[in-house]
Amino acid sequence: MSQVIQLRPDHAPPTQPRAAVPAYAELITTSNFSFLRSGSHPEELVASAMHMGMAALGLCDRNSFAGVVRGYVTARDNKEINPDFRYLVGVRLCFSDGTPDIVAYPSDRAAYGRLCKLLTLGNKRGEKGAPELRFDDLFASTDPEHDQGHYAEGQLFILTPHEGDWGLTERTLERLAQEAPGRVWVAGVARFDGGDRARLNRVDALARRHGARMIASNDVAYHEPDRHMVLDVVTCIREHLTLEQAGLALSVNAERHLKSPQEMARLFTEHPDALAQTRAFIARIGFSLDQLEYNYPEETVGNGETAQQTLERLTWAGAAKRFPLGVSDTLKKVLWTELCLIAYKGYAAYFLTVHDIVQFARHEKGILCQGRGSAANSTVCYCLEITEVNPDKANLVFGRFISTERDEPPDIDVDFEHERREEVMQYIYQKYGGQRTGLTANAITYRSKSAIRETAKVFGVSEDTISAFNRLHWGWGSGVDLKSVAGLGLNPDDPALAQMFEVVKVLRGFPRHLSQHVGGFVITRDSLETLVPIGKTAMDSRTIIEWNKDDIDALKILKVDILALGMLTCLRRAFDLIDTHYGHKVQLAELQNEEFEFPERAKPVYEMTHRADTVGVFQIESRAQMTMLPRLKPVVFYDLVIEVAIVRPGPIQGNMVHPYLRRRQGIDKVEYPSPELEAVLYRTLGIPLFQEQAMQIAIVGAGFSPGKADQLRRAMAAWQRTGKLAQFADDFIGGMIGKGYTPEFARQSFAQIQGFAEYGFPESHAASFALLVYASCWLKCHYPDVFACALLNSQPMGFYAPSQLVRDATEHGVETRPPDVNCSTYDSTLEDGGWDVDAHLWPRHAPMRGHIWTKKALRLGLRQVEGLAEKDAMRIVEQRQGGYSSIRDLWLRTGVPVASLEKLARADAFASLGLNRREALWAVKGLVGIYGAETLPLFAAEPAVAPAQEEPAGLPLMAPGEEVIHDYATLSLSLKGHPVQFLRPILQARGTTRAENLAHVANDVVVEVAGLVLVRQRPGTASGVIFATLEDETGVANIVVWPKLFEDERLRKVLLSSRMLAVRGKVQAEQGVIHVIAQDMEDLTPHLLDLSHGKDMGDAVVARADEGKSGPPGSQSRDRQVNREEEMARRRAYSALPGGRNFH
């Protein structure tokens, strides 16, 4: 077909040139860091402004700088999109005295510091999360003692009119213009309500009357129109309203989004100067976040030495201590290299700070601690006793920690005992003062369940339906499929429901409020409050800054991470117990040397891991780790380093795990693509497993410079936020091909690096953790009594509940004794006279015979008694002396409340007095009625009389199964038996296989197993597969539930809600690892609950203590009473029995 060409008539005017894009900057932008007042992240707002071609965007959240660094990073990392774009840092000052909001922008670094101090003032005066500022504060002196000027000095102000009170707006503008002449503008905003022309004329006239100018803005609250619904929802959440109730609180339209410069020019056609004022405004701002020069404390010791000289002196002294046989020439070279690089980068003071903190903790307070992170690569850190991993033996790379190419501060994380970290934190506050130090913040964000719950409330959904929504998905990172709501009786095609879940998707990840980081400290030489606003925390003794650890890293600000680690508490307790009871002093650093100095002593420790006997062991106790251990079979320390790192999303998603295992097992040949890469990968058999190796492959294999490799590492760490990782693909693949590698190998290598982007684990980090892995394995292997005691006293921590820890100790031959008022302290303890371990070792642990050095019995502490106050337990221990002769004696001597005595009686803690659970509870119930007069003031002065003995009440005994259920209710465990053993007759009738017998079942045979649900785990790297662990009286069974089975609504409910579960499926065994692949599941919890009111599953005998209470057997009143009591007993039993811990 011929093309038709339209000709321009001769009389037509010539085509006009395309109009230039007007320069415009949006200066009033609210992000979701104003907390429930915006529909967009700072990153979204900045990126959108850059794509629109704006000259600048200013972020100004309410009384906060919390989100400004996120916007800064987005602008910095995407400069190529809009090279001339400027990102401006401002704040929207909202006053408690009714003053209209004022947007403030600092014009220079000094003005920024004054603004930070003003926000700190408001934070200190108000409650946590609710700063309190007054208009007069703006013009108050920043330092009254030295007359340093007022907070408004150097600020540029934009007044937002209070359209409900123009008189107040004019009075505010009048004073503002007097105090800050030439630095004040008034915001003109189009509201699209039919009154825009009158409003803009009024604002323009108002501004000119006071020597100011109107400035154009859209008062932005979200980056695109669709987000107005999110703004409405968060508004309702903030105001505790539903959408139906909100009325005028909601947006009248969807116009508060970022608008293009052309659109803003159209809206302000009659006021072009308002757009021009945005250009004039940004031209007067000379401040940017990259001007924040961080000044670290000098840390000089006052003897005339510089910080570097002090560091060198301490390092060489430490080297002499760490290497008593002498410092080799190789080590000297390493130390001098590190010290020179530290001097070049100016980090000596930072090392001295961390050294001082560690010395205080370790030597003044006796707190166990160790450094980790990239600092573990440093021999200087090892000599300073900051880290415990000897880099000389671990073969780590200092360049990962500090290098001339890495333009960022070093990273030293120090773990302390989790129960004593507060002592270290208070030391830091006392040394540096509240104005020079603060904790970094942690933005608490909406996760799936909280997003669903809050959004559904706003949409008017009932509480029971909300609970049902949250049961439809697993964990915080997953969502709800609209199709699945049909099972709740809802219409999946309901547009309101669809809209609700669209909002949920966006709300996930939105910040809710700021909390304190687990231990990241920022310390400055000068005032910290001129660097970043300081806020309150829930604890009066702590303060926080408004930025999180990523913000700090982006601005290259040094931080010291003071972290808490439960395993360090456990190890310190264990070492003390060994010293006290066995006279053996153990040091953490010595254990790493064991395989070099005493390899035969280390051998049984490693062999224990081959059997996946790692319940309670640090880092390798999860089901995934236990599955990996028999395949990997660690034999040296470096194998533990690999074990810690290999069961992570990075290696799994990079398809590195199976190739490594096949090479390790000799199935595949170990090959290296080149000698250069062999030097990088020989320790991991040619497969990259660590983040450091990914960087080295880029340097050696693709020709990257160290600086570019570090950029690659940064892109890996921030790939989700910036999406920059893909930009390195062409350079990486092309570089490898240019060096002679095949395109297939080059693409495969980059795919592996992309896997690391999900969760790349540094080798140095894994090495620090591996030392704790070996230490905990060593304790479990040789002193299972000590290990169990220390773990119980360090709860809550780890993967397993106390019942599994006690059971595991029993399997290893340890005698465990129950809590008792005459024998127990608050913590669990070790007692003499334990039984012969070898005689009580379970068959599956027979290889450990001769390697277990335990000779003590484990006595459970009173802390195990559910609900017993620590002060009451301590009082009982303090007043015990020669022991208590009766419950009345204990009560009169201690003054412990009767309610606490009831808890002890229910926990069967009076056995040493010859009383069983029912007799003790009977005696406690009668205390006040019989002996209460002795506690009155009239009789208290009388001499004490000999305590009366409780007489047996003649109550019938509990059935054994009922005893066990009551133990679980009061102690969370039982030494009298396992609940499942009392159901064995029922299970035998069903043909259920005991867990211990699975080892003798052939592959692919279908069996049924049943037990208490201990753990449900759905790792993010397992493609939706769920791993469950069931426990019966003979051991544990590991269950695999495929996603297709979990999609079945009935089976999903059974799996997630059962206390006792029966699973039918095929047995799969490989290298000693046995799984049952689920095909069907059944909830057996009702049978388990029958034990709670005395049913014996063998002969169906019911033993009750209330016979004759409410009438003869068969009477209706008694039957109703019995039914009520049985139902209550079942409810108590259900809540007492383990519901299974869910992990992701």
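Examine the range 874-891 for a residue that is buried (at least 21 other Cβ atoms within 10 Å of the Cβ) and within 21 Å of Val615 (Cα to Cα), and state whether such a residue exists. No, the range 874-891 has no match at all. Considering the range 810-858, the residues that are among the charged types (D, E, K, R) and more than 38 Å from the chain's Cα centre (by Cα) include one that is farthest from Val605 (Cα to Cα), namely Asp832. Among the residues examined, Thr99 qualifies as in contact with a His (Cβ under 9 Å, 6 or more places away or on another chain), among the hydroxyl-bearing types (Ser, Thr, Tyr) and buried (at least 22 other Cβ atoms within 10 Å of the Cβ).
Pick from Ile557, Ile544: which is assigned to a loop (DSSP other than H, G, I, E, B) and modelled with pLDDT of 80 or more? Only one candidate qualifies: Ile557.
Whether a residue is within 22 Å of Leu555 (Cβ to Cβ), surrounded by fewer than 18 Cβ atoms within 10 Å (Cβ to Cβ), at pLDDT below 85 and not acidic (Asp, Glu) was assessed, and Arg721 passes this test.
To keep it simple, each residue is scored yes or no on (1) modelled with pLDDT under 85; (2) in contact with a helix residue (DSSP H, G or I) (Cβ under 8 Å, 6 or more places away or on another chain).
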{"residue": "Thr1021", "(1), (2)": "yes, yes"}
{"residue": "Phe1027", "(1), (2)": "no, yes"}
{"residue": "Asp1032", "(1), (2)": "no, yes"}
{"residue": "Ala1037", "(1), (2)": "no, yes"}
{"residue": "Lys1044", "(1), (2)": "no, no"}
{"residue": "Lys1053", "(1), (2)": "yes, yes"}
{"residue": "Gly1065", "(1), (2)": "no, no"}
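Among the criteria (1) surrounded by 19 or more Cβ atoms within 10 Å (Cβ to Cβ); (2) touching a Leu at 6+ places or on another chain (Cβ under 9 Å); (3) assigned to a strand (DSSP E or B), the one Arg1052 does not fulfil is (3).
How many residues, within the range 524-545, are buried (at least 21 other Cβ atoms within 10 Å of the Cβ) and more than 23 Å from the chain's Cα centre (by Cα)? Summing the residues that are buried (at least 21 other Cβ atoms within 10 Å of the Cβ) and more than 23 Å from the chain's Cα centre (by Cα) in the range 524-545 gives 6. Starting from residues that are β-branched (Val, Ile, Thr) and either over 30 Å from Val532 (Cα atoms) or part of a helix (DSSP H, G or I) (or both), keep the ones in the range 560-598 and report whichever is nearest to the chain's Cα centre (by Cα). The qualifying residue nearest to the chain's Cα centre (by Cα) is Thr569. Only a single criterion out of (1) surrounded by fewer than 16 Cβ atoms within 10 Å (Cβ to Cβ); (2) on the phi < 0 side of the Ramachandran plot; (3) not acidic (Asp, Glu) is not satisfied by Gly211, namely (2).
In the set Glu744, Glu671, only one residue is farther than 30 Å from Glu80 by Cβ, at pLDDT 85 or above, outside the structural domain of Glu44 (by TED's automatic domain parsing) and assigned to a helix (DSSP H, G or I); that residue is Glu744. Figure legend. Inter-residue proximity from the range 109-131: first residues in a helix (DSSP H, G or I), second residues loosely packed, with under 15 Cβ neighbours inside 10 Å, beta-carbon distance below 7 Å, spacing 6+ or different chains. Indicated pairs: Arg109/Gln291. Residue count for the range 230-285, restricted to those that are farther than 30 Å from Gln499 by Cα, in contact with a strand residue (DSSP E or B) (Cβ under 9 Å, 6 or more places away or on another chain), part of a loop (DSSP other than H, G, I, E, B) and of a type outside the set (Lys, Arg): 3. So, of the residues in the range 643-668 that are hydrophobic (A, V, I, L, M, F, W, C) and within 30 Å of the chain's Cα centre (by Cα), which turns out to be modelled with the lowest pLDDT? Among those residues, the one meeting the criterion is Ile652.
Go through the range 816-834 and give me each residue that's part of a loop (DSSP other than H, G, I, E, B) and touching a strand residue (DSSP E or B) at 6+ places or on another chain (Cβ under 7 Å). Matches in the range 816-834: Cys823, Ser824, Ser828, Gly833, Gly834. Of the helices (runs of 4 or more DSSP H) contained entirely in the range 847-957, those carrying at least 1 residues that are modelled with pLDDT of 90 or more and in contact with a helix residue (DSSP H, G or I) (Cβ under 7 Å, 6 or more places away or on another chain) fall at 870-878, 887-894, 898-906, 917-925.
The values are calculated or read from the model by the stated rules, or taken from the named source; none is laboratory data. Since this is a predicted model, take the numbers as computed values, not measurements. As a convention, Cβ positions derive from the backbone with ideal geometry for all residues, glycine included, and neighbour counts pool all protein chains shown.
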